[in-house]
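Here's the structure we're looking at; comments come further down.
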Amino acid sequence: MRFDVLTLFPAMVEGPLSASILGRARAAGAFELGVHDLRAHGLGRHRTVDDTPYGGGSGMVMRVDVVAAAIEAVRRPDSHVVLTEPAGTRFDQSVARRFAGLPHLVVVCGHYEGVDARVRAHLVDEVVSIGDYVLTGGEYAATVIVDAVARLLPGVLGNADSIHEESFSPGLALEPPPYTRPRSFRGWDVPDVLLSGNHGEVARWRRSEGRALTRALRPDLPVEDEPAPKRRRRRTPATTLDGDEPGR
Ligand code: ADE
């Protein structure tokens with residue numbers, strides 16, 4: 001998958017996405033990322049990117065012609081183009097999964113004083129917000145989006161299982177709490193079940209702790225009920241609804 005981020009402050013996006021897990025995965029070719037300076041498409045000797053608002057008012061507005069040129073320099077027929085602004089679709093794990101299935105995501109970083117409304121209306125496929133608060137610009141939002149999407153791509157995380165067991169996966173809203181050595185610290189002990197060596201018990205404990213945590217901290221998230229204990233299979237069922245052959 002390829003990401004292209006269009007921003008007035010490339011260093012704010014390039015830095016975080018070059019470090020740690022994503023930096024290594026990017027260097028290894030698990031995904032491609034281009035971070036582009038919108039000012040490269042600015043006008044005149046001063047590479048102007050914004051102008052005063054029509055109708056008056058304070059602040060400067062990012063120009064539609066500049067943003068159009070920047071998008072058109074990277075857009076491909078299979079691109080999905082998003083603009084980051086507080087007034088957008090809320091970005092969450094399901095949006096991250098949807099974006100992770102795309103071949104090319106272009107993220108246009110909004111500007112704290114506003115982007116000409118024709119960008120939203122004509123140039124992007126979707127407007128995305130990372131939460132109900134106002135940032136100075138869309139750079140942190142773009143970084144959050146690229147991080148959350150890239151880590152879902154094959155080859156980015158070492159252990160593919162962690163993607164399936166993590167928070168916000170269906171049926172496991174928040175992750176169970178992790179523990180490591182020392183076993184006891186200031187009288188704070190690791191739960192005995194984790195030291196029991198009983199993998200079934202540990203798995204059950206983790207699921208139940210994840211559920212309890214979710215109910216306590218995020219009552220808005222759905223929590224699957226504990227599955228009923230498995231009944232023993234009858235060896236000779238009267239009917240064969242599950243495809244079993246009687247007598248087998
Ligand atoms: N730009 C400013 N605030 C934002 C937010 N909450 N989400 C996305 N982009 C933004």
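The values are calculated or read from the model by the stated rules, or taken from the named source; none is laboratory data. Quantities reported herein were computed from a predicted structural model and do not represent experimental measurements. Cβ: placed from backbone, ideal geometry, glycine included. Neighbour counts: every protein chain shown.
Every residue in the stretch 129-145 that is near the ligand (Cβ under 6 Å from one of its atoms) and either crowded, with 21+ Cβ neighbours inside 10 Å or not in a strand (DSSP E or B) (or both), please.
ILE130, GLY131, TYR133, VAL134, LEU135, GLY138, ALA141
For the stretch 83-128, which residues satisfy the criterion of being among the aromatic types (Phe, Trp, Tyr) and either within 15 Å of PHE3 (Cβ to Cβ) or more than 10 Å from the ligand (Cβ to nearest atom) (or both)? Before the answer, list the steps.
As a first pass, look at the stretch 83-128 and keep what is among the aromatic types (Phe, Trp, Tyr): 91, 99, 112.
Once the filter is applied, which keeps residues that are among the aromatic types (Phe, Trp, Tyr) and either within 15 Å of PHE3 (Cβ to Cβ) or more than 10 Å from the ligand (Cβ to nearest atom) (or both), the stretch 83-128 yields PHE91, PHE99.
So for the stretch 56-74 (the condition being under 27 Å from the mean Cα position of the chain (by Cα), surrounded by fewer than 16 Cβ atoms within 10 Å (Cβ to Cβ), without any contact (Cβ under 8 Å) to a residue 12 or more places away in the chain and closer than 17 Å to ALA142 by Cβ), does at least one residue qualify?
Taking every residue of the stretch 56-74 in turn, none turns out to be under 27 Å from the mean Cα position of the chain (by Cα), surrounded by fewer than 16 Cβ atoms within 10 Å (Cβ to Cβ), without any contact (Cβ under 8 Å) to a residue 12 or more places away in the chain and closer than 17 Å to ALA142 by Cβ.
Just a yes or no: is a residue in the stretch 55-77 modelled with pLDDT of 95 or more, among the β-branched types (Val, Ile, Thr), within 16 Å of the ligand (Cβ to nearest atom) and closer than 30 Å to LEU152 by Cα?
Scanning the stretch 55-77 turns up at least one residue that is modelled with pLDDT of 95 or more, among the β-branched types (Val, Ile, Thr), within 16 Å of the ligand (Cβ to nearest atom) and closer than 30 Å to LEU152 by Cα.
Does GLY155 satisfy being surrounded by fewer than 16 Cβ atoms within 10 Å (Cβ to Cβ), of a type outside the set (D, E, K, R), modelled with pLDDT of 95 or more and outside any loop (DSSP other than H, G, I, E, B)?
Judged against the criteria, GLY155 is not a match.
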